[in-house]
Amino acid sequence: MKTQYSVIFASINAIISERLSVGLILTNGEQNWFAYSSTKLSLMKHFFTDESYKLVKTSLRNMEHALKNMNVKVSTEYNVLFDPSVPYFNVISEGYLSYLNRYSNTTLTFGSPVEIDVPASNELFQHLYTEMVFTQIEEHKQISPVEKVKTILYPTIEKNVNLDRRIETGEIKGLVMPVDLDFIGRNEIPVVGRFTDFNQPNFYLDSLISSLFVLMKTFELNNENGKYFVIGNEPDIKFQNQHQTWKEIQNSKLLECVSFEETERITEYINDHNVQPFFSSSSNN
């Protein structure tokens, strides 16, 4: 069997066949490679209903679990090779790839097997995964720029706001979807903050801004204005879509864009306006 691969997709809109890649299978009939991006799944969460998101994660984990039960070395990390020294049933055969393509459900789908005249290898898998699934390698030991800035800002505002708060429907009158915030407080008006890395894929930025606007509209319908901080640095100019999103936020009259180097502006605003936690300690997560 020649080298074949199949891309794993999560469908975010079955009606218009809109989908995003989340994983990859590569096989040469003797060795198999499999990985999916837990980071990308997390970034895509707001595109799904809770049930659909759970189904996608469960389906991928079931595949992972089945392979583990066959003593196959497998992980959700980038660049994972099934250990060729361990004997096991060749579950990812040409027929199995075709089966997955035909019988995948409406939430998780598998692309038609693509045959390529290149020997399967770690390097090929890395290249295909980077091109088709996710370009960012997860480095769990490194602290992201966002987390570094949080360690500076949070101690200066933790007594005045609720930190890392997920607001569920029903906690604010009229809120139609859960909204994740890095901080929320209030004085005469709500004060809200969201961190972001503007170099992230545009679907992530769209999701973040959309959820923020849902919250803003909810407050507006409740006859409340608000102060909304979006904290992030200017993205690399080569990321044109992300740069355009950053520029639009910079020019917005509804949002205040704050760079990572300027977070003292947030501390000063919160102190000057005597901001207090939006939720009582008993209801804080």
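Just so it is clear, none of the values below were taken in a lab; they were calculated from the coordinates. Note that the coordinates shown come from a computational prediction; the quantities given were computed from them, not determined experimentally. Using ideal geometry, Cβ is built from the backbone for each residue, glycine included, and neighbour counts are taken over all protein chains shown.
Its Cα gyration tensor gives region 145-283 an equivalent ellipsoid, and the semi-axes of that ellipsoid, as √(5λ) in whole Å with the largest first, are 23, 18, 13. Remark: spin-label model distance GLU224-GLU51 equals 3.1 nm, labels positioned 7 Å along the Cα→Cβ axis.
Around the amide H of CYS257, modelled in the peptide plane, lie the amide H atoms of VAL230, all under 5 Å away and 5 or more residues distant in sequence or on another chain.
Computed from the Cβ-Cβ distance with R0 of 35 Å, the FRET efficiency linking VAL114 to ASN241 stands at 0.85.
Distance between the C-alpha centers of region 193-229 and region 145-190? Whole Å please. Value for the Cα centre distance between the two parts: 12 Å. Amide H contacts of LYS227: VAL191, VAL192, each under 5 Å away and 5 or more positions distant or on a separate chain (H built 1.01 Å from N in the peptide plane; Pro and chain starts excluded).
Listed here are the pairs LYS173/LYS227; LYS159/LYS247; LYS148/LYS217; LYS40/LYS173; LYS227/LYS253; which of them are more than 20 Å apart at the Cα?
LYS159/LYS247; LYS148/LYS217; LYS40/LYS173
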